[in-house]
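Take a look at the structure set out below.
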Amino acid sequence: MDASNESRGALVVFEGLDRSGKTSQCGRLLSYLEGLGHSIELWRFPDRTTSVGKMISAYLSNESQLDDHTIHLLFSANRWEKRSMMEMKLKAGTTLIVDRYSYSGVAFSSAKGLDFEWCKAPEIGLIAPDLVLYLEIPPEKAAERGGYGGERYEQLKFQKKVAQHYKLLEDSSWKIIDASQSMEDVEKQVKETVSEHVLSCQKGKALSSLWS
Ligand code: FDM
């Protein structure tokens, strides 16, 4: 997608089941990288602030019903509407920490029974993460952590299926972290892994696209 050797920010994505600790780890990583003087932003998908995001939010809280394919495409559209901003920020040297991305899109929708390749198709051409930190936790253990909220997908049986579908998406950009460790141990591993990747992007690693 981009063969330049210019320094840029890194695209770091957190993935994992609900209650795997993604949001806490995103916050900790943000403070750490800010402390080192990096330009850094924390993003999350779904981005519920846009008009597409509001439709997604209503669906997740069971205020609206949508066909499974339709909601899948809305999640994808929600990433596409942020794509050019994402590219601009990365090229301007800002590292983006992103709480959920296309992997959530495919794992959750295919766990409902939608065709796996069909689920991947609308994600093709989005910016590929430099690093995917997958916080791995047994679904039973995640469910014990303070319980789930009331949202649509927060059920143990479904989360077990999602975990299986996530596994099919693992590639060389993934680092799997045992999220049943203490928050501090997870944080230590996250910091070590991310620092390496931020450096390689500063040295001019080219941006690439999903899923090519
Ligand atoms: N989710 C999230 C999807 O089903 N597809 C997607 O593309 C994304 C980004 O939405 F259950 C699901 C995953 C989760 C729910 O996520 C909302 P947060 O992290 O709880 O806001």
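The values are calculated or read from the model by the stated rules, or taken from the named source; none is laboratory data. Everything numeric in this text was worked out from a predicted model, so none of it was measured. Note that we place each Cβ from the backbone using ideal geometry, even for glycine, and neighbour counts take in every protein chain shown. The area values use the complete protein model at the heavy-atom level, side chains included, leaving out ligands, DNA and RNA. Shrake-Rupley method; radii C 1.70, N 1.55, O 1.52, S 1.80 Å.
Things worth noting here:
- Local net charge near residue 78, Cβ-Cβ under 14 Å (Lys/Arg +1, Asp/Glu -1): +3
- Think of each Lys and Arg Cβ as +1 and each Asp and Glu Cβ as -1; about the Cα centre, that makes the dipole of the stretch 1-93 roughly 220 debye.
- Charge sum, other residues only, whose C-beta stays under 12 Å from residue 7's C-beta, Lys/Arg counted +1 and Asp/Glu -1: +3
- Apportionment of accessible area to carbon and sulfur, the chain, percent (1.4 Å): 52
- Taken about its Cα centre, the chain carries a charge dipole of about 180 debye when Lys and Arg each add +1 at the Cβ and Asp and Glu each add -1 at the Cβ.
- Candidate residues 88, 55: accessible-area rank, largest first, probe 1.4 Å: 88, 55
- With protein chains left intact and a 1.4 Å probe, residues in the stretch 1-155 average 42 Å² of accessible area per residue.
- Length-normalised contact order of the stretch 11-202 in % [C-alpha pairs under 8 Å, at least 6 apart]: 34
- Comparing 38, 153, 181 along the charge dipole axis of the chain, the residue lying farthest to the positive side is 38, per the Cβ-charge model.
- Straight Cα distances below 15 angstrom link residue 89 to the aspartates and glutamates 2, 6, 41, 81, 130, with same-chain residues fewer than 8 positions distant left out.
- Separation of alpha-carbon centers, the stretch 105-162 and the stretch 191-212, rounded to whole Å: 23
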